[in-house]
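The values are calculated or read from the model by the stated rules, or taken from the named source; none is laboratory data. This structure is a prediction, so every number in the text was calculated from the model and none was measured. Here Cβ is always computed from backbone atoms with ideal geometry, including for glycine, and neighbour counts include all displayed protein chains. Heads up: the accessible areas ignore ligands, DNA and RNA and are worked out on the full protein's heavy atoms, side chains in. Shrake-Rupley method; radii C 1.70, N 1.55, O 1.52, S 1.80 Å.
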Amino acid sequence: MIGASISRWTMSYFAMALAWLFLALALMVAGVGYPVAEIASPDTLVLVHAVCIGWLSLAMCGALFQFVPVLVAKPLFSERWALPALVLLTAGLVSLLAGFLSLGGRLPPVLWLLPLGAILLVAGFGLVVVDLGLTAWLRPTGPARFVLAGLASLCATVAFGAVFAFVLAGWAGSAGDAFLAAGIPLHAISGLGGWLTLTAMGVSYRLLSMFMLSPDVDDRQSRITLGAGALAIGVTVAGGILAIGVASGLSVVLSIAAVFGLVSAALYGRDIAGIFRNRKRRQLELNMRMATLSFASLAATALLGIVLVAAEAFAAHIGPFAFLAVFGWLSGLVLTKLYKIVAFLTWLETYGPVMGRAPTPRVQDLVAEGRATKWFVIYYVAVWAGTLMLLAGELHIFRAAAVAMTVGVVGIVREVIRIRRLADVAGPVRLPGGAVAPHLLFARN
Amino acid sequence: MPEYIDVDVRPILRAGGEPFSVIMAALERLAPGQGLRLYATFKPIPLVAVMANKGFTHSEQALDGGEWEVLFTPAETTSEPAPAVADGPGPEDWPPPAVNLDNRDLDPPEPMVRILAAAEKLGPGETLSALLRREPVFLFSQLEKRGFRWLGGFTPDGATYELTVRAPS
């Protein structure tokens, strides 16, 4: 048994992730990409990948470098890989987006940027997967198993994406063209459903029970939740490739996957409700109260999916469905947990060395929840309004909702920077003798 | 077959107590070549590592009702002495806790703050015992940085984590 220390680069991942989120919000406000452009247009590909790789994946990787060692009570396989991975992922994403822009005629035609971006992203995610995978493999208990399934899904997502990049550059022949024509749903489902959602579920099990003093969810119970989710992804990937191979269409495969996905989401809802019910800590902190809005968004996403399928309108409205999943469920959860993780890590980094030797503030003294609440509320309300506007086809009002989302995120990021700067800690205990103020972008450990 | 001294810590565990000091006291009374037969309400995994350091091999047997009988047998006297631990005498010298903390009903990270504050007040070589709801993963590195040693594990129902911390002597 050994303890977990502070991951040096987690803050750097968070900062880079937030920079990509701002870029994505700026694109939506400016009307670049979906919904103003077609959902499959190069401009939309820029927006989608800035959100899914730049914002969500980098934030998730940063959180995992800190929390996988906590999940398994073992040190990270290699702390030294985290920074090169961040550099490779950033360079790969820039190259990929430049490739999309040139595909759309916004840049001169340099399509080799797409395969180059894919190779850099494969290398960056490869470092992440090996580092986290070898760490989690040591003690694959409940939440760590979710992370392993998430990492496997990430491999599938990246593999699909890399093939598509070569196809778009014209380097993969007619078989590649057929694969690109049919395979995009597989790429999207394994990314959003497998990598991001399964991993977010796993981490949330441990974070929620840790911060609310609740017993861990029974291993057998969470294993069924994971089993259903992993089956959904497995059916999508394996069945999907098979279906494309025999040119039979994806509808049967995707229907089966959707059923497993819904079962997994429902079981996850039951598990999370249990954690809230059995908590010893009655008073909920801001990050927990706001996380409930993410869980509500996940439930609403599932419900919206069912309604759209029943109305035979799913294909026409896949945009609002994905928007609610990405910004209501995943981004909302990441923002709320980021608010808590930054406060906790900053507190531990600054005051851990002097704790017990000098009076130190509490974690709660680093945050101003009253002030932060309104930014989260603005964010979620804007996301839900944006979803409705997408469903109604009101593109101008959608851009107003994107402005409101940006306002909320700016407010949240300002709070996070204040936490990192210890700006809300009362003067006398702010820096007791021996404590060193943290750096904004990395841990000094 | 060596002779074994029986130590039954089941009553202490059932009463919610910390049996570590009792086991260590029994160990001190052992004559050369004698072993220890331990009865516990759970498999004492943290203890096995401690005893291995002391040069004892172990074998275990499940009893009825989830209880365990563990035999700690001294390794051959010709074998190498147990490696000395880096920062002071082995756990056999750990005295009974000078401080007992029940941190089970505190909000995180208050248990960590209290343990570190109490640990700072320990005299050289003294120990403290703390009960917690969760494995204090972030505490361990702080303890190690300050030169403290620690031993911990969950009770069999998984509801309470027992931690013993020893100040550097």
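Brief remarks follow.
- Any hit, the range A:9-26, residues being within 14 Å of another protein chain (Cβ to nearest Cβ), modelled with pLDDT under 95, surrounded by 20 or more Cβ atoms within 10 Å (Cβ to Cβ) and farther than 27 Å from A:ILE318 by Cβ: no
- Some residue of the range A:355-370 being touching a residue at least 40 places away in the same chain (Cβ under 8 Å), open to solvent by 30 Å² or more (accessible area, probe 1.4 Å), basic (Lys, Arg) and over 29 Å from A:VAL68 (Cα atoms): yes
- Residues that are in contact (Cβ under 8 Å) with a residue 60 or more places away in the chain and under 17 Å from A:THR292 (Cβ atoms), drawn from the range A:378-394: A:TYR380, A:VAL383, A:TRP384
- Residues being acidic (Asp, Glu) and within 8 Å of another protein chain (Cβ to nearest Cβ) - total across the range B:93-108: 2
- Extreme residue, nearest to the other protein chains (Cβ to nearest Cβ), among residues of the range B:109-149 that are among the charged types (D, E, K, R) and under 15 Å from A:TYR351 (Cα atoms): B:GLU120
- Listing of strands (runs of 3 or more DSSP E) fully contained in the range B:57-169 that carry 2 or more residues being modelled with pLDDT under 85 and within 30 Å of A:ARG206 (Cβ to Cβ): B:149-154
- Residues that are open to solvent by less than 20 Å² (accessible area, probe 1.4 Å), in a helix (DSSP H, G or I) and polar (S, T, N, Q), drawn from the range A:204-228: A:SER204, A:SER209, A:SER222, A:THR225
- On inspection, A:THR336 does not qualify as open to solvent by less than 10 Å² (accessible area, probe 1.4 Å), within 14 Å of chain B (Cβ to nearest Cβ) and either closer than 21 Å to A:VAL409 by Cα or of a type outside the set (Gly, Ala, Ser) (or both).
- Tally of residues being buried (at least 21 other Cβ atoms within 10 Å of the Cβ) and among the aliphatic types (A, V, I, L, M) across the range B:144-166: 2
- Among the residues listed as A:LEU27, A:LEU18, A:LEU23, the single one being assigned to a helix (DSSP H, G or I), hydrophobic (A, V, I, L, M, F, W, C) and touching a Gly at 6+ places or on another chain (Cβ under 6 Å): A:LEU27
- Residues of the range B:114-162 that are closer than 14 Å to B:ASN100 by Cβ and out of contact with any Asp or Glu (no Cβ under 9 Å at 6 or more places or on another chain): B:ARG114, B:ILE115, B:ALA118, B:ALA119, B:LYS121, B:LEU122, B:GLU126, B:THR127, B:LEU128, B:THR160.
- When the residues of the range B:36-47 are filtered to those that are modelled with pLDDT of 75 or more and either open to solvent by less than 50 Å² (accessible area, probe 1.4 Å) or hydroxyl-bearing (Ser, Thr, Tyr) (or both), the one that is farthest from B:ASP8 (Cα to Cα) is B:LEU47.
- Residues of the range A:175-231 satisfying the condition of being within 14 Å of another protein chain (Cβ to nearest Cβ) and either on the phi > 0 side of the Ramachandran plot or within 17 Å of the chain's Cα centre (by Cα) (or both): A:TYR205, A:ARG206, A:LEU207, A:LEU208, A:LEU213
Quick grid of which residues meet (1) within 14 Å of chain B (Cβ to nearest Cβ); (2) open to solvent by less than 50 Å² (accessible area, probe 1.4 Å):
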site: A:VAL253; (1), (2): no, yes
site: A:ILE256; (1), (2): no, no
site: A:LEU262; (1), (2): no, no
site: A:LEU267; (1), (2): no, yes
site: A:ILE275; (1), (2): yes, yes
site: A:ARG281; (1), (2): yes, yes
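- A:GLY434 vs. criteria part of a helix (DSSP H, G or I) and within 27 Å of A:ARG362 (Cβ to Cβ): no
- Being modelled with pLDDT under 95, outside any helix (DSSP H, G or I), touching a Leu at 6+ places or on another chain (Cβ under 8 Å) and not aliphatic (A, V, I, L, M) is a property that does not hold for A:GLY105.
- Failed criterion for A:ILE53 (all others in (1) within 14 Å of another protein chain (Cβ to nearest Cβ); (2) buried (at least 23 other Cβ atoms within 10 Å of the Cβ); (3) of a type in the set (Val, Ile, Thr) hold): (1)
- Close pairs from the range A:124-148: first over 23 Å from A:GLY161 (Cβ atoms) and charged (D, E, K, R), partner open to solvent by less than 10 Å² (accessible area, probe 1.4 Å) and at pLDDT below 95, Cβ under 7 Å, at least 6 apart: A:ARG139/A:VAL72; A:ARG139/A:ALA73
- Test: A:ASN287 is of a type outside the set (Gly, Ala, Ser), within 14 Å of chain B (Cβ to nearest Cβ), out of contact with any strand residue (DSSP E or B) (no Cβ under 7 Å at 6 or more places or on another chain) and crowded, with 19+ Cβ neighbours inside 10 Å: yes
- Of residues in the range A:346-367 being out of contact with any helix residue (DSSP H, G or I) (no Cβ under 7 Å at 6 or more places or on another chain) and closer than 11 Å to A:ILE419 by Cα, the one farthest from the other protein chains (Cβ to nearest Cβ): A:ASP365
- Total residues in the range A:427-439, condition of a type in the set (A, V, I, L, M) and open to solvent by 60 Å² or more (accessible area, probe 1.4 Å): 2
- Lone unmet requirement of (1) open to solvent by 10 Å² or more (accessible area, probe 1.4 Å); (2) at pLDDT below 95 for A:TRP375: (2)
- Residue in the range A:180-198 that is under 18 Å from A:LEU267 (Cβ atoms) and either at pLDDT below 90 or surrounded by fewer than 18 Cβ atoms within 10 Å (Cβ to Cβ) (or both) present: no
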